[in-house]
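The structure under discussion appears below in the form of structure tokens.
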């Protein structure tokens, strides 16, 4: 029996040496899990006499158990290297057989599949062309094709418009010229929509155009000027015929103006004499009378009454009035000699915009910002948004407005060349609406993408006339229409600033790199700055990890004892997360294994001594004869 006992001990010690040596040999193997031998004693026993012989029969190797404890994680310079921090195994497709491994040294093969060093394909959840992950498992593949361009269908601009900015643009009416006799004696009322009290204007009892202009200018929002012009039907022949008896007298509001006519022989001499007078408001010029002659035109630029007598005739003029109005005029008691009263003429006069918006003139807008948008071919275009503070509606209490102009590649868009969009803000600086739209959206449906020469570049153009465009733009888009969203724009008393500006279009791009997230998602990076999910690594766990069967290449296969795998996404449930550009080192403790090696060696020597002693005893018995 001693021989069998020692022999079993030798066998067990040899197995211990093998396992320890294998651990030491794989101390640097990525994803390797060390093993430990588990022993059990042997006793001879019969069917009905269990344990009747107290002397043991040696030792047996009950199990070689692997330790699946976490190994150290070390960083590498490979973007596709992955380490599992926590529970779980990578799933590998080895020609149809599924293997499980903790070794995450991966690369891309010639067909674009993610594989390990033995060309086993990594399993994971695939993604569609838009980067949306699915629940379908398969071989992870890295596409090397160029990323197709995506046209812009939505642009979001989060801005702050400075409420302290002044109004640059105003709308006025130019009235006139109106003759003194037409509006003299009129009475009317100027009414206002901003809360200013109504103002009554009475032009009765006034004797000059200058007085009427002053009266009109006293009304808030009205400004007026007066000019008196008199055409004197004199020609050179008239002056020459009069000779030394020629006379020319000019009075302003009945006051004579001293003019030296002693040396006047021609119409030109008379013009010069008038211009040499002491009154700088008087001027004279020679003009065509519409026939065959030139006549003298005398003007008073302040609108005083002119009375002129000359050899052969006389002229009397009361002047004309020109007015500019920024307010609403309502007639109360309008009178006039000709029916061309001031109120009527005001209503018929065209609206003129002062300091009208001009994208080339920075003085005509308060703020501007630009961003790139893309057409269906991936060509970049520049969209510029201009903001012009407008006069407040009503009385200006609790509300303010801005005009919004849009320009693409230097051409006005969305019809803002004729009618800008109106952004209205409340008393808190919050956007209420844009042209009544509470979402603050502007639909640009008239954009024709053009090349640098101003010609259509072949990309999709605007919708057909009469076609209905819904927002948001549905996928796949078929036109160049897109939505500008200003819903988060504010109007605070702070400097103009762009808080956020993003759009969903991009040009074509080439694959420039790969990234892996903590959830094991593989992201492709492209030269156009875009990234897209290509897939997600799948992990598997088992109820009995020690039931897995090692099959080499640092991998295991499922067995009956391990149970079926529980497959899921990294960093969910009990599954661990993924560390990118990292690998999990062997969990072998080299110092402990060297000590175990010494112990196994001594055990082997001791069991050999048992056999040697038994041999000596047997030899003694033989020698008794």
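Quick rundown of the values:
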| read-out | value |
| --- | --- |
| Per-residue Cβ neighbour rank within 10 angstrom, fewest leading, 55, 469, 175 | 55, 469, 175 |
| Extension reserve of the residue 426-residue 257 stretch, reckoned as 0.36 nm per residue once the Cα distance is removed | 54.8 nm |
| Overall dimensions of segment 170-354 as given by Cα atoms, namely Rg and Dmax in Å | 19.5, 65 |
| For segment 250-286 versus segment 98-120, the gap between their alpha-carbon centres in whole angstrom | 106 Å |
| Neighbour-count ranking [beta-carbon atoms within 10 angstrom, fewest first] of 168, 178 | 168, 178 |
| Cα→Cβ-extended label distance, 7 Å offset, between residue 330 and residue 419, nm | 2.7 nm |
| Cβ-derived FRET efficiency at R0 51 Å, residue 57 paired with residue 518, nearest 0.05 | 0.40 |
| Nearest-ten-degree value, helix 590-623 long axis tilted from longest Cα axis of the chain | 10 degrees |
| Segments 277-283, 211-217 sorted - mean Cβ within 10 Å per residue, highest first | 211-217, 277-283 |
| Peptides 137-146, 477-486 ordered by average Cβ neighbours within 10 Å, highest first | 477-486, 137-146 |
| Cα-based convex hull volume of segment 418-524 per residue, rounded to whole Å³ | 239 Å³ |
| Antiparallel bridges, percent of DSSP beta bridges restricted to the chain (to nearest 5) | 95 percent |
| Gain in span if fully extended, residue 292 to residue 504, counting 0.36 nm per residue against the direct Cα distance | 69.1 nm |
| Virtual spin-label span in nm between residue 619 and residue 492, 7 Å along Cα→Cβ | 10.0 nm |
| Inter-site label distance for residue 18 and residue 128 at 7 Å from Cα along Cβ, in nm | 5.4 nm |
| Cβ-derived FRET efficiency at R0 56 Å, residue 3 paired with residue 581, nearest 0.05 | 0.45 |
| Exposure proxy order (Cβ contacts within 10 Å, fewest to most) of 593, 97 | 97, 593 |
| Cα centroid separation, segment 468-493 to segment 501-569 (Å) | 36 Å |
| Distance from segment 351-407 to segment 1-42 (C-alpha centre basis), Å | 82 Å |
| Segment residue 240-residue 77, length gained on full extension (0.36 nm per residue, minus Cα span) | 47.9 nm |
| Order by protection proxy (mean Cβ within 10 Å, highest first), peptides 570-577, 493-500, 310-317 | 570-577, 310-317, 493-500 |
| Largest to smallest principal axis extent of the C-alpha atoms in the chain, angstrom | 190, 48, 47 |
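Rule-based calculations on the coordinates, nothing more; no lab input. Worth saying up front: this structure is predicted, and the values here are computed from it rather than measured. Neighbour counts are summed over all protein chains in view; Cβ atoms, including those assigned to glycine, are modelled from backbone coordinates with ideal geometry.
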